[in-house]
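Peer 1: Have a look at this one before I ask anything.
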Amino acid sequence: MSTKAAAAPAIRAGRGARERILQAAGPLFYKEGIQATGIARLVEAAHVSTRTFYQHFPSKNALVEAYLERIDKEEPHDPERQLLREDLGARERLLALFEPMEASTSPTFRGCPFHNAAVEAAGTVPEVAELVRRHKMRFRHQLIDAAKEAGAADPQTLGIQLSVIFEGAAALATSCNDTSVATHARALAAQLIDMALADVK
């Protein structure tokens with residue numbers, strides 16, 4: 001660790017240290033990857049000592065859990081925010097899910113933080129796996145609720161289908177660093193939605 005990084009904790013450690021660690025972890029985990037971000041990188045970015053880090057988080061896995069819980073409860077990922085918009089009808093909200101992916105200008109598309117965490121953990125951290133599963137199931141239920149609000153004949157099926165399309169597109173865009181797949185996914189989602197609504201007439 002650099003002399004500057006080592007000296008900073010003596011000035012800034014104490015109240016707010018946990019929050020600084022979380023704030024530092026968010027962009028580092030998302031942009032650089034959970035496995036690639038070591039404790040030394042985290043404490044330097046958060047301006048805390050290693051000792052202070054472990055006082056707040058007994059392990060890196062504990063920090064990963066807190067990072068995911070914050071996104072889940074307080075900071076919805078951009079696509080999921082679209083389902084909360086009050087300026088759009090239900091059908092438009094479902095299609096707006098794909099807008100952040102289509103509009104991304106990041107040189108490296110990172111996709112869903114929960115998907116990324118699941119891939120990196122590779123089933124070795126049960127607590128992370130459970131957080132991801134719970135989040136994805138809630139997201140699916142949000143899609144089902146929006147499909148019901150839109151008037152779909154079978155909102156359960158439509159919601160699950162839209163989940164498959166969105167998650168598949170996000171995973172492919174992340175793997176290939178190619179967000180153009182979102183345009184095709186959105187077009188397919190529109191067809192499915194319109195078919196589901198037509199079945200009601």
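Peer 1: Kindly indicate which of 83, 63 is crowded, with 18+ Cβ neighbours inside 10 Å and in the same structural domain as residue 25 (by TED's automatic domain parsing).
Peer 2: Criteria check complete, one pass: 63.
Peer 1: If residue 153 meets every condition in (1) of a type outside the set (Ser, Thr, Tyr); (2) surrounded by 14 or more Cβ atoms within 10 Å (Cβ to Cβ); (3) in a helix (DSSP H, G or I) apart from one, which number is that one?
Peer 2: (3)
Peer 1: Now, a different point. Out of 172, 162, I need the residue that is part of a helix (DSSP H, G or I), within 19 Å of the chain's Cα centre (by Cα) and either free of Cβ contacts under 8 Å to residues at least 12 places away in the same chain or surrounded by fewer than 18 Cβ atoms within 10 Å (Cβ to Cβ) (or both). Which one?
Peer 2: So the residue among 172, 162 that is part of a helix (DSSP H, G or I), within 19 Å of the chain's Cα centre (by Cα) and either free of Cβ contacts under 8 Å to residues at least 12 places away in the same chain or surrounded by fewer than 18 Cβ atoms within 10 Å (Cβ to Cβ) (or both) is 172.
Peer 1: I would also like to ask the following. If I go through the range 30-51 residue by residue, how many of them are surrounded by 17 or more Cβ atoms within 10 Å (Cβ to Cβ), in contact with a Lys or Arg (Cβ under 9 Å, 6 or more places away or on another chain) and not in a helix (DSSP H, G or I)?
Peer 2: Result for the range 30-51: 4.
Peer 1: Go through the range 75-137 and tell me which helices (runs of 4 or more DSSP H), entirely inside it, have 3 or more residues that are among the hydrophobic types (A, V, I, L, M, F, W, C) and without any contact (Cβ under 8 Å) to a residue 60 or more places away in the chain.
Peer 2: 113-121
Peer 1: Residues 74, 65: which one is at pLDDT 95 or above, within 30 Å of residue 170 (Cα to Cα) and of a type outside the set (A, V, I, L, M)?
Peer 2: Within the list 74, 65, the selection yields 65.
The values are calculated or read from the model by the stated rules, or taken from the named source; none is laboratory data. Here the structure is a predicted model, which is why all the values come from computation and not from measurement. Neighbour counts are summed over all protein chains in view; Cβ atoms, including those assigned to glycine, are modelled from backbone coordinates with ideal geometry.
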